[in-house]
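The values are calculated or read from the model by the stated rules, or taken from the named source; none is laboratory data. A quick note: this is a predicted structure, and the numbers were derived from the prediction, not measured. Positions of Cβ are generated from backbone atoms using ideal geometry, with glycine treated the same way; all protein chains shown enter the neighbour counts. Just the protein is used for accessible areas: all its heavy atoms, side chains included, with ligands, DNA and RNA removed. Shrake-Rupley method; radii C 1.70, N 1.55, O 1.52, S 1.80 Å.
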Amino acid sequence: MNVNPDKSERIVRQFGRPLFYCFVFAVPLLLIAAPFASFLAISVGEVKGSDIVMSLTLKNFVRIVEDPLYFQVVWKTISLCLGVSIVTTCLGYPIAYLIAISTHSIRYALICIFSIPLLMNYVIKIYAMRSILGGSGVLNKFLEIIGISGLSNLFVFNLNAVFLVLASILLPFAIFPIFIALERIPNSLLHAAADLGASRFFTFTRIILPLSMPGVAVAFSFTFVLAIGDFITPQMVGGPTGFTLGRVIYSQFGLAFNWPFGAALSIVLMTIVMVTIALTVFVTPRRAR
Amino acid sequence: MASSLVKLRKIVKTYGAIKVLDGIDLDIGNDEFVVVLGPSGSGKTTILRMIGGFTQPSSGEIEFDGMSLNGVPINKRPFNTVFQDYALFPHMTVADNVGFGLRVRGVASAQITAEAANALSLVELKGFADRYPAQLSGGQRQRVALARAIICKPRLILLDEPLAALDASLRRQMQTFLKDLQREIKTSFLFITHDQEEAITMADRIVIVDRGVICQTATPRQMYYQPDNLLVATFFGDNNLIRGTAAEVSEKWVVVETPFGTCRVQAPETLWATVKDPLCIAVRPENVTLVAADAAPLKGRVVSVEFTGPISVIKVESHSDPAAVLNVKCLSAAKGMELAIGGDVGISWQSEDAWPLHP
Amino acid sequence: MGRMRKLLTGLAVLAGLGTSTGLAQSETLRIVTWQGYADDDWVEEFEAAYNADVQVTFVGDDAEIWAKVRGSNGADADIITTNTGQLQRYIDANLLAPIDLNMVPNQKEVLEQFRDLAKIPGVMRNGKVFMMPYVYAPYLLAYNPDLVSEAPTSWSSLWDPKYKGKVLTHDSYEYNFTIAAILDGAKDPFQLSEDELQRCKTKLIDLQHQLLSYYQYPEEVVQLWQSNEIAVMMAAYGPSQINALRKAGAKVEAVIPKEGTPTWLDSMAVTVGAKGAKYDLAMKWINFALKKEISKALARRTNFGTTGFDTGAITPNDKIFWVQSIEDPTRRSDLWNEIKATP
């Protein structure tokens with residue numbers, strides 16, 4: 001084939017770049033959009049025998065709204081995850097602050113320590129937590145030893161245990177966005193505040209805290225999204241009372257084979273997640289973004 | 001200096017093996033506009049940062065009103081700073097930025113609003129109170145930073161190359177503006193810059209810093225006509241440095257033999273020349289006049305005449321040493337002399353305009 | 001509808017769930033089964049003996065087998081192995097080929113109680129044999145002898161208030177209902193009326209208050225047993241689970257309760273995709289798998305019972321309910337969720 005090199009080069013330049021961008025954006029879009037579309041489609045279907053039939057029905061959604069069971073589980077899950085997000089964000093902030101104000105070697109050591117959990121397998125983490133939490137685990141033995149009778153079994157296979165495990169597993173996801181937000185605040189702003197007479201506390205409340213709010217918002221939504229989508233932790237440490245939305249969804253797949261209802265529940269979950277993210281973006285101070 | 005507000009004594013700052021400042025002595029007077037001038041890396045910003053409290057000296061003393069400032073934290077120093085990048089708080093309105101210093105001091109908010117409005121009108125930013133820094137131009141941000149610094153009525157305002165980011169015309173505007181503002185609010189300014197013209201225009205006193213030491217501290221006029229050394233002599237604008245040898249030295253005068261002939265110049269106290277010492281005479285080109293050759297003790301040959309508009313630049317070469325060239329600037333409109341290239345010409349200046357230096 | 005199915009299958013393939021069986025040669029016998037049912041040494045022995053090529057795919061759950069067989073109309077697997085209850089829907093969907101007993105002489109050598117296939121519910125339909133019983137395990141009632149005053153003999157000990165907070169059960173809607181129904185005296189614990197289901201639900205809510213936790217995987221149980229006090233447990237994985245616990249050092253005994261217990265029976269079935277020579281080869285594999293030596297080895301390695309070798313897991317006195325397909329999986333799953341959502 002005889003191709004004029006100038007021409008082919010021009011063609012590459014003219015179409016290559018758009019093609020490249022198409023590829024770069026299309027692949028993730030496809031990987032996100034296709035499953036999402038299929039979920040939407042399945043959620044308006046129903047099970048007939050052992051097949052999923054596309055019947056364009058809203059009965060799956062109606063059932064979620066009308067059946068008090070699902071409403072109750074959704075509400076319980078939301079409040080659990082809000083609690084987890086609040087606790088991890090509140091705990092993560094001082095840790096992130098400590099990392100941000102540390103000098104080089106200490107800073108790297110702290111970053112390493114707090115990212116180790118991220119490198120561990122999720123299931124291993126939960127198993128490890130489970131042996132700490134069990135009836136004869138370290139935590140319960142400690143609670144028994146300090147002898148406050150009401151405290152024993154406080155964290156043994158119940159919602160408290162789910163809360164504790166989620167909070168500790170998700171802590172790094174709260175620390176790092178806040179740390180990055182703190183890092184982004186120019187030193188000169190802190191100098192300027194001090195220069196104008198502000199104490200450390202005043203500088204913190206008026207400058208550092210508002211300017212790190214975007215990080216706090218990310219930390220909050222991150223932990224919330226990860227907590228609400230989790231079905232392994234409630235399954236593993238929730239015992240008979242740690243029944244959450246993630247577990248309901250999980251139960252619809254597999255042998256129950258009620259994919260349409262599971263898909264509808266997933267869409268509810270996704271909506272909760274998106275509303276939460278939108279709310280956090282909305283309440284974050286505009287200028288600090 | 002009748003009363004100095006801030007005194008720096010033997011300030012040394014080292015970072016590891018690098019000595020950034022090496023024995024700085026500096027006095028800043030009341031209501032004085034002091035400009036610290038130096039190339040980048042000279043240590044000039046470090047001086048400002050030490051006064052502001054952002055860096056601690058390795059040794060030496062900083063005093064304010066007779067009290068040591070060593071160890072006094074930033075927020076307890078009665079100075080305010082205008083940062084190079086302005087350091088405006090992005091999440092606050094212009095009014096809140098300006099009022100920050102007062103809010104820190106617990107001033108009632110009605111009063112803060114009033115004083116912020118006042119400060120903003122001083123920097124000619126009326127009506128910008130509710131904007132955010134991101135909505136302002138560079139010059140406007142600059143003035144917000146200024147308003148924020150003056151609102152607490154500090155005894156000294158530290159300005160760290162505040163005009164560096166502005167374009168040339170805006171910069172000239174701001175220079176005049178800053179100078180006027182300083183007179184109006186009667187506060188000392190310590191202004192850091194690397195721009196000689198800026199220093200000359202604004203300063204009551206210029207401090208030239210190079211490689212961590214002060215080269216000279218003087219008024220702009222002294223700096224320009226009576227430099228302490230060759231470096232300062234060539235720092236501001238064109239200068240003629242005529243090399244020669246001391247022929248005769250008295251308390252008040254020194255006679256110098258130059259390639260253009262022998263001349264007598266006044267000797268400043270700082271000169272410690274003896275006979276046969278090499279000496280330099282600094283004369284500004286605009287202070288040299290050309291006269292008829294036969295009458296003058298100093299002579300040369302015209303090499304070129306360059307017309308640059310209102311001013312003409314004439315190069316005059318020595319008869320004995322072609323390497324010695326003198327630049328002369330005179331009004332193009334001046335009459336009475338016809339200069340021929342290659343022709344002889346006499347050289348003359350007012351005796352106070354020539355300034356002897358150690359080469 | 002067909003499009004929907006294609007879309008789902010397509011997505012499953014996209015997600016990497018699809019395995020590469022599509023490219024296999026037609027001479028290859030493709031076996032879809034569970035880990036432990038077709039070990040490498042047996043496969044090699046079979047390949048050598050019949051000069052055949054065998055490809056084994058291990059699955060994680062029943063949905064996987066169903067998706068594979070249903071999605072390809074049997075073309076993607078020749079032999080599948082799962083419990084008799086599960087296999088019913090494959091017969092309903094005409095996905096299974098009947099087994100020609102003449103080609104499986106070893107069937108006559110299996111244990112007495114498995115010899116008459118007509119007596120095992122679900123194996124035959126319309127006079128034809130659709131599956132070959134192979135591996136089985138009963139649900140057991142496990143207990144820690146140190147924590148119980150006397151050895152339990154009934155499922156009711158799961159509900160015994162003495163053991164409150166020291167009880168484990170498997171997180172599965174099918175068998176908790178079945179066991180509750182057996183205890184309730186239901187005629188057919190796999191085909192429950194709505195009334196019976198509601199009675200079971202009440203019982204299972206009570207059971208939930210007894211529980212320390214539900215468990216999902218056998219490995220979990222070992223850890224649960226180690227870091228907690230477990231008195232009684234419903235052991236869904238049967239003898240192999242008990243064995244794993246003992247290996248880990250736990251003190252554990254297990255019984256088949258007097259009311260009887262559901263027992264799953266995994267059977268081999270041939271899909272309609274295996275035709276001609278492939279069908280013959282499939283028959284040879286089934287015959288091979290029923291050999292005494294293989295049955296014995298499988299039982300030894302997995303601790304499951306096999307139809308060809310008596311492990312003593314079940315004695316003739318034990319009451320057994322062979323696992324059947326249940327009346328309505330969705331109904332049981334919904335009820336199970338309601339139970340779990342009850343505080």
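Side notes on the structure shown:
- Scan the stretch C:306-323 for residues that are open to solvent by 40 Å² or more (accessible area, probe 1.4 Å) and of a type in the set (S, T, N, Q) and the total you get is 3.
- Residues that are free of Cβ contacts under 8 Å to residues at least 40 places away in the same chain, assigned to a strand (DSSP E or B) and in contact with an Asp or Glu (Cβ under 8 Å, 6 or more places away or on another chain), drawn from the stretch B:1-46: B:SER4
- In the set (1) away from chain C (no Cβ under 12 Å); (2) touching a helix residue (DSSP H, G or I) at 6+ places or on another chain (Cβ under 6 Å); (3) in contact (Cβ under 8 Å) with a residue 40 or more places away in the chain; (4) open to solvent by 20 Å² or more (accessible area, probe 1.4 Å), A:TYR122 fails one condition alone, (2).
- With respect to (1) assigned to a helix (DSSP H, G or I); (2) closer than 24 Å to B:LEU48 by Cα, the lone exception for B:LEU120 is condition (2).
- For the stretch A:237-271, the set of residues classified as β-branched (Val, Ile, Thr), part of a helix (DSSP H, G or I) and open to solvent by 30 Å² or more (accessible area, probe 1.4 Å) consists of A:VAL268, A:THR271, listed by residue number.
- Scope the stretch B:275-287; condition open to solvent by 10 Å² or more (accessible area, probe 1.4 Å) and not basic (Lys, Arg); matching residues: B:VAL275, B:ASP277, B:PRO278, B:GLU286, B:ASN287
- Which numbered condition A:PHE222 fails, given (1) at negative phi; (2) of a type outside the set (Lys, Arg); (3) within 14 Å of chain C (Cβ to nearest Cβ); (4) in contact with a Pro (Cβ under 7 Å, 6 or more places away or on another chain): (3)
- Tally, over the stretch B:113-132, of residues that are open to solvent by less than 10 Å² (accessible area, probe 1.4 Å) and within 14 Å of another protein chain (Cβ to nearest Cβ): 2
- Test result for B:ALA323, modelled with pLDDT under 80, among the aliphatic types (A, V, I, L, M) and either farther than 25 Å from B:MET223 by Cβ or not in a helix (DSSP H, G or I) (or both): no
- Restricting the stretch B:288-305 to residues that are within 14 Å of B:ALA334 (Cα to Cα) and assigned to a strand (DSSP E or B) leaves a set whose member that is least open to solvent (accessible area, probe 1.4 Å) is B:LEU290.
- Among residues of the stretch C:145-172 being farther than 19 Å from C:PRO189 by Cβ and open to solvent by less than 20 Å² (accessible area, probe 1.4 Å), the one that is farthest from the other protein chains (Cβ to nearest Cβ) is C:PRO152.
- In the stretch B:47-88, of all residues being at the interface with chain A (Cβ under 8 Å from one of its Cβ atoms) and part of a strand (DSSP E or B), the one that is surrounded by the fewest Cβ atoms within 10 Å (Cβ to Cβ) corresponds to B:PHE79.
- Taking first residues from the stretch A:189-213 that are more than 7 Å from every other protein chain (Cβ to nearest Cβ) and partners that are assigned to a loop (DSSP other than H, G, I, E, B) and β-branched (Val, Ile, Thr), the Cβ contacts under 8 Å between residues at least 6 apart in sequence or on separate chains come to A:ILE208/A:ILE185; A:SER212/A:ILE185; A:MET213/A:THR284.
- For the stretch A:166-190, a residue qualifies if it is open to solvent by less than 40 Å² (accessible area, probe 1.4 Å) and within 30 Å of B:LYS153 (Cα to Cα), and the qualifying residues are A:ILE185, A:SER188, A:LEU189.
- Every pair of residues 6+ apart whose Cβ atoms lie under 6 Å, when the first sits in the stretch C:63-74 and is at pLDDT 85 or above while the second is part of a helix (DSSP H, G or I): none
- Scanning the stretch A:36-82 for residues that are under 30 Å from A:ALA219 (Cβ atoms), open to solvent by 30 Å² or more (accessible area, probe 1.4 Å), within 11 Å of chain C (Cβ to nearest Cβ) and not aromatic (Phe, Trp, Tyr) returns A:GLN72, A:LYS76.
- Selected residue (only one of A:PHE155, A:PHE176 is more than 14 Å from chain B (Cβ to nearest Cβ), of a type outside the set (A, V, I, L, M) and not in a helix (DSSP H, G or I)): A:PHE155
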